[in-house]
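The next block holds one structure in the form of structure tokens; read it before the comments.
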Amino acid sequence: MSERVSLFNPIYYVNGKPHLGHAYTTVATDAVARYWRSRGKDVYFQVGTDEHGAKNAEKAEEAGQTPQEFVDEMSATFRLAWDRLSITNDTFWRTSSKEHKDRARAIFQQLYDGGFLYEDEYTGLYCTGCEKFITEKELDEEGNCPDHKKKPEELSEKNWFFKLSDFLPRVQALIESDELLVRPAHMKSEVLGLFKQGMDDFSVSRQRVTWGVPLPFAEDQVSYVWVEALFNYITGLGYGSNNDEAFTKYWPGVNVVGKDIIKFHAVYWPALLLALGIDPPRQVFAHGFFTVDGQKMSKTIGNVVDPNELVDRYGSDGARYLILSQFPFGQDGDVKAGQFDEQYNAALANDLGNLVHRVTSMAEKYLEGSVRADALVGDAILLPLVKELDAKIEDAFTAFRPDLALESVFALVERANALIEEREPWKLAKDEANRQALEALFADLLGGLQALAVFSYPFFPEASAKIADRIGLGLSEQGETSASAVFTVRTEEPLFPRIESE
Ligand code: MSP
């Protein structure tokens with residue numbers, strides 16, 4: 001692992017408000033960003049919104065607003081949701097900004113000058129919902145787009161095309177050799193399968209759409225929204241402007257996306273970069289898709305989960321927990337929204353919250369709230385486990401598995417709770433002769449809480465700072481605790497108040 005970690009999220013369409021799908025990718029990436037920052041890495045994390053194209057323009061019209069007014073408002077809802085979920089992005093990048101548009105035009109000019117674009121007539125079926133052409137084969141029985149249940153439009157236009165075919169063999173070789181890591185492994189196989197089927201050059205412009213970035217060499221056409229959206233990863237770093245310091249420092253990095261957009265990220269994007277003479281991403285990690293309580297999230301079914309509502313009910317930490325703990329990152333899965341209350345109460349109010357409460361209140365009651373860290377006498381139980389989990393957590397984050405790292409956090413919680421049950425400090429406290437054993441036990445438990453503050457920082461930024469504070473330690477913005485010879489312990493209100501279901 002190098003000293004730098006650069007993470008890039010998809011830029012989400014602003015045709016609707018942020019939903020759980022968007023939050024899923026972004027919270028998972030944030031946990032990864034926080035973890036590597038806490039391990040002293042120089043982390044860069046970029047998110048943003050995809051604001052051009054027919055899909056956004058149609059919604060603006062429905063709302064009776066200009067496209068710019070509409071995307072300004074909608075983009076702000078994403079920014080706010082990420083703030084409420086404690087997302088630590090360094091950049092929030094918008095494609096309708098002048099900076100992005102200027103830089104995207106410079107990139108188009110570079111592709112044009114390099115001879116990688118050509119003009120051709122195109123006829124095809126276009127689905128605005130997908131913002132892409134689809135083939136007859138992909139249509140369902142009624143001739144609709146299977147994802148959007150709408151008839152695609154037949155489009156016939158003169159478009160500019162990108163010579164994808166010139167780059168396919170190189171991209172394929174990069175993926176095969178893992179120079180461009182496509183993860184998880186099943187996604188790499190899926191992408192390599194695409195090369196076997198063969199892929200056509202794709203059009204990079206639209207004649208009829210007006211809400212977009214005009215091509216510098218053909219001002220009557222705007223960029224195909226997807227192409228300009230991919231450029232965002234480098235325009236956000238200053239590429240195409242006269243200050244590309246951040247670009248030089250942080251590119252290439254890891255593109256973390258959902259599997260729905262893997263082809264754009266693992267094939268088109270590296271090919272465009274090669275044409276520009278830029279290194280492809282180091283890694284494209286494509287996670288799975290989830291259903292909610294067994295069904296695809298959809299407005300019609302009414303099971304679209306709003307991340308803001310999760311924060312209202314469970315707090316920022318609680319929402320992050322519910323988003324990350326559902327199923328392995330990388331696989332498809334089901335989010336049990338019907339069990340959110342139970343899951344929150346069991347893991348956070350009971351297991352984690354109670355542990356902190358029990359340890360701090362007993363340390364206050366039996367040991368006057370002051371325990372020397374070196375009071376341990378030989379048989380520490382939690383400390384060796386902490387070392388083991390520390391390594392496991394590092395492996396999990398290296399493999400982009402925040403959900404697995406989260407399991408290790410709870411392995412510590414579980415062991416610490418069990419240790420309390422085994423040793424029954426309330427019995428030890430009855431006899432002054434046990435003072436040393438009691439101190440040793442609490443040095444172990446409080447050392448465990450110190451580790452817990454650190455381990456939980458990528459997931460629970462608020463609770464981790466509170467845990468550190470309650471045992472007399474500070475937690476830096478990077479998630480490291482200060483060292484102290486003595487734990488000065490305080491009990492306070494529960495970290496995670498129980499939720500009573502209506
Ligand atoms: N604007 C494009 C991305 C351009 S990136 C250069 C786009 N936007 S989107 O708003 O449709 O977001 C798609 C992404 O949202 C997915 O790749 C994934 O990250 C996330 N998800 C949306 N629904 C999801 C699920 N049901 N499950 C998991 N992730 C989901 O595509």
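The values are calculated or read from the model by the stated rules, or taken from the named source; none is laboratory data. Just so we're clear, the structure is a prediction, and the values are computed from it rather than from any experiment. When we count neighbours, we look across all protein chains shown, and the Cβ atoms used for this are built from the backbone with ideal geometry, even at glycine. For the accessible areas, the whole protein counts, side chains as well, though only heavy atoms, and no ligand, DNA or RNA atoms are used. Shrake-Rupley method; radii C 1.70, N 1.55, O 1.52, S 1.80 Å.
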For Y13, distant residues with modelled amide H under 5 Å away: D50
statement: From highest to lowest solvent-accessible area (probe 1.4 Å; ligands, DNA and RNA excluded), D30, D244, D312 read D312, D244, D30
message: When a/c reaches 1.5 or more, the comparison of a/b and b/c decides; with that in mind, is the range 363-481 rounded, prolate or oblate per its Cα gyration tensor?
response: prolate
task: Would you please give the residues with an amide H less than 5 Å from that of G288, counting only those at least 5 places away or on a separate chain, with H modeled from the backbone geometry?
output: G330, Q331
query: Roughly what % of Cα-Cα distances in the chain sit above 38 Å, to the whole percent?
result: 34 percent
message: I'd like the Karplus ³J(HN,Hα) series for the range 144-153: coefficients 6.51, -1.76, 1.60, θ = phi - 60°, whole numbers in Hz, and an x wherever there's a Gly or Pro.
response: 9, 5, x, 7, 10, 6, 10, 5, x, 8
- request: Multiply the residue gap between S370 and D120 by 0.36 nm, knock off their C-alpha separation, and tell me the result in nm, one decimal place.
  value: 82.3 nm
field: Qualifying aspartates and glutamates (Cα of each under 17 Å from Cα of K137; at least 8 residues distant if same chain)
entry: D147, E153, E154, D200
Karplus (6.51, -1.76, 1.60) ³J(HN,Hα), θ = phi - 60°, over the range 217-224, in Hz, Gly and Pro reported as x: 9, 7, 5, 7, 10, 10, 4, 4
- request: Take every Cα pair under 8 Å in the chain that's 6+ residues apart, average their separations, divide by the length, and report that relative contact order as a whole percent.
  value: 16 percent
Modelled label reach - V377, point 7 Å along Cα→Cβ, the range 333-361 residues with backbone N closer than 15 Å: none
message: For a quick check: with amide H placed at 1.01 Å from N, whose amide H comes under 5 Å from S205's, ignoring anything fewer than 5 positions away on the same chain?
response: W160, Y224
Lys/Arg +1, Asp/Glu -1 at C-beta; the range 337-488 dipole; positive extreme among S484, L445, V371: V371
Proximal aspartates and glutamates relative to K59, as straight alpha-carbon distance under 14 Å, when same-chain residues fewer than 8 apart are discounted: D50, E51, E69, D72, E73, E131
query: For the chain, which whole-number percentage of the solvent-accessible area (1.4 Å probe, protein heavy atoms only) is attributable to carbon and sulfur atoms?
result: 48 percent
message: Suppose a student asked you for the relative contact order of the range 337-488, using Cα pairs under 8 Å spaced at least 6 residues apart; what percent would you report?
response: 29 percent
statement: Going residue by residue through the range 232-237, the Karplus relation 6.51 cos²θ - 1.76 cosθ + 1.60 with θ = phi - 60° gives ³J(HN,Hα) values, rounded to whole Hz and with x marking Gly or Pro, of 3, 4, 9, 5, x, 9
- line: Note to self, the chain gives a 222 nm [θ] from helices alone (DSSP H runs n ≥ 4, -39500 (n - 2.57) apiece, / all residues, nearest 500) of -14000 deg cm²/dmol
